[in-house]
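*Asks:* Below is a structure I'd like to ask you about.
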Amino acid sequence: MSVSTAVVVITLLALGTYGMRLAGVALAGRITLPEPVRRLLPLAAVALLAALAITAALTEAGRWAGVARPAGVLVGVILAWRKAPFAVVVIAAAVTAAGLRLLGVP
Amino acid sequence: MANVRTILRTHDRADRAILRDVGAIALAALAIGVSFGAIATAADLPGWLVIAMSVLVFAGGAQFMAVGLLAVGSPVGAVLGGLLLNARHLPFGLAVGEEIADRWRGRLIGSHLLIDESVAFAMAQTDPVRRRRAYWLTGATLFVTWNVGTVLGTLLGGAVADPTAFGLDAAFPAGLLALLLPSLREPVARWVALVGAAVALLATPVLPAGVPVLLALTGLLVVAVRRRKKEVASA
């Protein structure tokens with residue numbers, strides 16, 4: 001791959017990504033959405049974040065992510081549900097996944 | 001930037017709590033930034049370009065994907081795949097846009113800090129002032145650690161390239177879910193999240209990356225179904 005190709009790709013990706021970020025933010029201030037739609041927006045964010053978290057927890061490149069990662073995430077979620085501090089949740093998830101891999105669990 | 005500075009100067013307890021929580025995820029972002037820098041350098045991208053990419057794109061998933069597709073000689077796929085993966089930022093922007101800043105300058109800068117984590121941290125707060133602070137604190141902190149990580153990665157090279165080392169791949173979904181839990185106390189939100197996540201999961205093996213997450217918006221149909229039920233019940 002040539003460096004100039006990569007420069008073009010990265011420029012387009014950067015511009016497009018910023019464009020989509022700004023489009024949402026700008027539209028949020030500009031258009032007055034009807035009240036029922038306004039109330040849907042936080043729920044839309046919840047749906048997207050939940051989907052993002054679950055697919056990242058369970059899949060890798062379109063396939064099942066193995067056992068160690070979902071197990072780590074599960075430990076984190078249980079701790080979060082039991083009101084553990086956020087840092088503990090994140091570290092416990094990582095340590096569980098890494099520990100299981102160390103034991104040979106995929 | 002005056003905006004960011006005032007926000008960072010506030011020291012009340014809730015802010016410190018947010019900052020401490022952000023710290024955990026920011027360290028994970030640093031480590032993943034290191035592996036991104038290393039992988040991109042190993043794919044023969046010059047260091048300055050790798051760093052520019054992290055600063056200007058600032059979206060980890062899309063960056064890994066684009067570098068992977070560039071490495072196998074698919075520049076068009078790299079652009080389209082990366083943009084598809086980032087398309088979720090548009091609905092995210094709609095949801096938090098008015099929380100970011102009142103003025104245009106703040107919104108122009110704040111838009112670049114729109115990432116999954118800044119949205120999740122903002123949504124986890126109940127009052128608007130705190131939501132705004134959480135958004136900027138998270139976005140700015142992760143912007144710094146992601147880029148510092150990338151720089152380190154380009155310098156360290158191949159030795160640190162694997163993001164699954166130290167279980168970092170489990171850290172992000174666990175953090176996102178922990179931030180989502182308070183929102184899920186509401187039954188409607190719980191159903192929307194459940195249906196959305198299930199649809200995305202089922203679509204993941206068959207559709208290109210980025211599309212399944214967008215399909216999660218079908219979870220909003222739950223709201224319509226419930227409203228119809230209520231109408232039927234009250235009729």
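*Asks:* Taking N as the number of residues in region B:91-164, what value does Rg over Cα atoms divided by 2.2 N^0.38 Å take?
*Replies:* Working: Rg = 14.8 Å, N = 74, 2.2 N^0.38 = 11.3 Å.
Output field value: 1.32.
*Asks:* Ok, one more. Got a sec? How would B:S74, B:S54, A:S4 order by Cβ neighbour count within 10 Å, fewest to most? Before the final figure, lay out each step's value.
*Replies:* Details: B:S74 16, B:S54 25, A:S4 8.
Going from sparsest to densest Cβ surroundings: A:S4, B:S74, B:S54.
*Asks:* Then there is this: Which distance in nm do the two modelled labels at B:V76 and B:R130 give, with both placed 7 Å along the Cα-to-Cβ direction?
*Replies:* Each label point lies 7 Å from its Cα, and together they span 5.0 nm.
*Asks:* Would you mind listing how long region B:174-235 runs along its three principal axes, going by Cα atoms, in whole Å with the largest first?
*Replies:* Here the Cα extents, ordered largest to smallest, are 43, 27, 12 Å.
*Asks:* Under 12 Å from the Cβ of B:F92, count the other residues' Cβ atoms, weight Lys and Arg +1, Asp and Glu -1, and hand me the total. If you can, show how the numbers build up before the last one.
*Replies:* Working: positive: A:R21, B:R88; negative: B:E99, B:D116, B:E117.
Within the 12 Å Cβ shell, the charges total -1.
*Asks:* Helix A:68-81 sits at what angle to the longest principal axis of chain A, using alpha carbons and giving 0 to 90 degrees rounded to 10?
*Replies:* 80
*Asks:* Now, a different point. If the protein assembly as shown were replaced by its equivalent ellipsoid, with semi-axes equal to the square roots of 5 times the Cα gyration tensor eigenvalues, what would those be, largest first, whole Å? Don't jump to the answer; show the numbers that get you there.
*Replies:* Values: eigenvalues 175, 110, 93 Å².
They are 30, 23, 22 Å, listed from largest to smallest.
*Asks:* Next question, about the same structure. Would you tally the net charge around A:F86, using a Cβ to Cβ cut-off of less than 14 Å, leaving A:F86 out, and scoring K and R as +1, D and E as -1? Show your work: numbers first, answer last.
*Replies:* Working: positive: A:R82, A:K83, B:R16, B:R20; negative: B:D21, B:E117.
After counting each charged neighbour, the total is +2.
*Asks:* Give me the log10 of I(q) over I(0) for region B:23-64 at q = 0.17, 0.18 Å⁻¹, as the Debye formula computes it from C-alpha points; what are the numbers?
*Replies:* Values returned for q = 0.17, 0.18 Å⁻¹ are -0.42, -0.47.
*Asks:* Quick one: order B:H112, B:H89 by neighbouring beta-carbon count within 10 Å, fewest to most. Write out the running numbers ahead of the final one.
*Replies:* On the way: B:H112 19, B:H89 27.
Going from sparsest to densest Cβ surroundings: B:H112, B:H89.
*Asks:* Based on alpha-carbon positions alone, could you give the equivalent ellipsoid semi-axes of chain B from the gyration tensor, as √(5λ), descending, whole Å? Before the final figure, lay out the partial values.
*Replies:* Values: eigenvalues 198, 117, 51 Å².
Equivalent-ellipsoid dimensions as semi-axes: 31, 24, 16 Å.
*Asks:* Also, I was wondering about something else. Could you pull out the trypsin sites (Lys or Arg not before Pro) across region A:8-94 that fall in loop regions by DSSP (anything but H, G, I, E, B) with no more than 14 other Cβ atoms inside 10 Å? Walk me through the intermediate numbers first.
*Replies:* Details: sites: A:R21, A:R30, A:R38, A:R39, A:R63, A:R82, A:K83; in loops: A:R82, A:K83.
Those satisfying the criteria are A:R82, A:K83.
*Asks:* Give the residues of region B:211-227 whose amide nitrogen is closer than 12 Å to a point set 7 Å from the Cα of B:V188 in the direction of its Cβ.
*Replies:* Backbone N within reach: B:220-227.
*Asks:* Right, something else. Starting from the 7 Å offset along Cα-to-Cβ, what nm value, one decimal, do you get for the label separation of B:R226 and B:V211?
*Replies:* Using points 7 Å along Cα→Cβ, the separation is 3.0 nm.
*Asks:* Could you list which residues have their amide H under 5 Å from that of A:E60, counting only those 5 or more apart in sequence or on another chain, with H placed in the peptide plane?
*Replies:* A:A65
*Asks:* Evaluate peptide B:221-230: per residue, the Cβ atoms of other protein chains within 10 Å of its Cβ; return the mean as an integer.
*Replies:* Values: counts 0, 2, 4, 2, 0, 0, 1, 0, 0, 0.
Counting Cβ atoms of other protein chains within 10 Å of each residue's Cβ and averaging gives 1.
*Asks:* Right, another one. Between helix A:35-58 and chain A, what is the angle of the helix's C-alpha long axis to the longest principal axis, kept within 0 to 90° and rounded to the nearest 10?
*Replies:* With both axes taken from Cα atoms, the answer is about 40 degrees.
*Asks:* Okay, moving on. Taking each pair of different alpha-carbon atoms in chain A once, compute 1/r for the pair, average those values, and report the inverse of that mean as the Kirkwood hydrodynamic radius in Å to one decimal.
*Replies:* Values: mean 1/r = 0.0574 Å⁻¹.
Kirkwood radius, chain A: 17.4 Å.
Only the coordinates and a few stated rules stand behind these numbers; no lab work does. Every value quoted in this text rests on a predicted model; they were computed, and no experiment measured them. Using ideal geometry, Cβ is built from the backbone for each residue, glycine included, and neighbour counts are taken over all protein chains shown.
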